[in-house]
1. For segment 163-177, give me each residue that is within 25 Å of residue 121 (Cβ to Cβ) and either assigned to a loop (DSSP other than H, G, I, E, B) or open to solvent by 70 Å² or more (accessible area, probe 1.4 Å) (or both).
2. Could you list, in sequence order, the residues of segment 313-325 that are open to solvent by less than 40 Å² (accessible area, probe 1.4 Å) and in a loop (DSSP other than H, G, I, E, B)?
3. Within segment 187-222, how many residues turn out to be of a type in the set (S, T, N, Q) and more than 18 Å from residue 142 (Cβ to Cβ)?
4. For segment 201-222, name all the residues that are of a type in the set (D, E, K, R), surrounded by fewer than 16 Cβ atoms within 10 Å (Cβ to Cβ) and part of a loop (DSSP other than H, G, I, E, B).
5. Can you tell me which of 293, 310, 282 is in a helix (DSSP H, G or I), open to solvent by less than 40 Å² (accessible area, probe 1.4 Å) and in contact (Cβ under 8 Å) with a residue 40 or more places away in the chain?
6. Residue under question is residue 184, and the condition is that it be farther than 19 Å from residue 20 by Cα and open to solvent by less than 30 Å² (accessible area, probe 1.4 Å); does it hold?
7. In segment 137-159, what residues are open to solvent by less than 20 Å² (accessible area, probe 1.4 Å), part of a helix (DSSP H, G or I) and either more than 25 Å from residue 82 (Cβ to Cβ) or touching a Gly at 6+ places or on another chain (Cβ under 6 Å) (or both)?
8. Run down 23, 18, 31 and say which single residue is touching an Asp or Glu at 6+ places or on another chain (Cβ under 7 Å) and under 29 Å from residue 189 (Cβ atoms).
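The values are calculated or read from the model by the stated rules, or taken from the named source; none is laboratory data. Since the structure is predicted, the reported quantities are computational estimates derived from the model, not experimental observations. With ideal geometry, Cβ positions are generated from the backbone for all residues, glycine too; neighbour counts draw on all protein chains shown. Note: accessible area is taken over every heavy atom of the protein model, side chains too, but ligands, DNA and RNA are not part of it. Shrake-Rupley method; radii C 1.70, N 1.55, O 1.52, S 1.80 Å.
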Amino acid sequence: MENYFADKQRYDGGMQYSRCGRSGVLLPQVSLGFWHNFGGVDPYERSREITHYAFDHGITHFDLANNYGPPYGSAEETMGRLMDDDFRPYRDELFIATKAGYDMWPGPYGNWGSRKYLMASLDQSLRRMHLDYVDLFYSHRYDPATPLEETLQALVDIVRSGKALYVGISRWPLEATRFAFSYLKERDVPCLIYQGRLNMLDREPQESGILDLCREQGVGFISFSPLAQGLLTDRYLNCVSTADGNINGIPEDSRMSKGKFLRPEMLTDEVLEKIRRWNAVASDRGETLAEMALAWILQQQGVTSVLVGASSVQQLQKNLKCVGAQPFDSPL
């Protein structure tokens with residue numbers, strides 16, 4: 001295994017950094033997500049290549065969660081190997097996030113938002129990633145059954161314990177988010193960032209008021225699923241819906257063909273019409289649909305960064321083209 005030495009020009013290659021709300025943290029406009037492609041079923045050398053390329057091009061923020069893989073926990077284990085093999089000398093240049101909130105282990109204490117689950121999960125995550133602390137720890141989802149005070153106080157105490165420098169929340173509804181921002185701020189552990197799904201097909205954070213609230217309260221916002229699981233790429237432009245409700249032309253190696261996170265019924269006539277129209281706009285801008293979709297997110301008010309996944313260096317290279325893209329002449 002060759003030793004890794006980061007590119008000395010890694011901060012001079014065009015990556016732009018945005019301030020995360022009213023904090024001292026600057027995040028790269030493109031951050032690397034470990035949801036797919038970094039698990040135990042994926043080739044480790046490919047994970048090394050992707051993360052090397054990312055860091056060499058100014059991506060300092062790696063986003064994980066306890067159950068990313070597959071199998072659960074294995075993306076964090078990959079991160080641990082990467083730390084030992086490559087990134088230990090650069091730890092202070094990295095901003096590493098993990099989360100807990102979805103199912104992780106059997107029984108009543110391996111899911112949702114209890115203090116016991118959040119505390120135990122973070123301890124496990126640190127062991128898997130071979131870290132003393134994470135830069136950012138999230139409550140991964142809103143728990144309607146656990147008192148908000150319990151979940152939020154756990155986040156406060158996690159920061160005070162030194163196991164995380166900052167905390168964030170992901171996919172909480174508006175009023176619970178408003179309460180969370182207030183609770184955390186009153187205890188001198190302000191929420192750093194909100195992670196939500198924002199893309200050209202799903203604008204819920206804008207429509208619900210989440211983005212406006214983040215801007216008002218000085219909280220950053222990072223978008224996951226920016227390409228709508230691949231719908232906002234050129235992979236499905238040639239698909240055709242049939243009279244019996246089926247979809248012809250789905251690529252055999254696509255995420256939709258596997259049907260787990262992206263199902264054929266999501267590719268409606270309305271969606272097909274939108275992505276074809278947007279693809280024409282992207283072509284006029286000299287961009288691919290995916291490049292334009294990422295650029296669109298970054299140009300929405302209140303957005304700090306966009307999380308991209310990557311199954312290859314080439315894919316990540318293309319995604320980075322969204323940084324510094326030309327402004328949009330009219331709303332899409």
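1. Correct list: 163, 165, 166, 171, 172, 173.
2. Answer for segment 313-325, where residues must be open to solvent by less than 40 Å² (accessible area, probe 1.4 Å) and in a loop (DSSP other than H, G, I, E, B): 323, 325.
3. 2
4. If the condition is that a residue be of a type in the set (D, E, K, R), surrounded by fewer than 16 Cβ atoms within 10 Å (Cβ to Cβ) and part of a loop (DSSP other than H, G, I, E, B), then 203 is the only one that fits.
5. 293
6. no
7. 151, 152, 154, 155, 156
8. The unique qualifying residue is 31.
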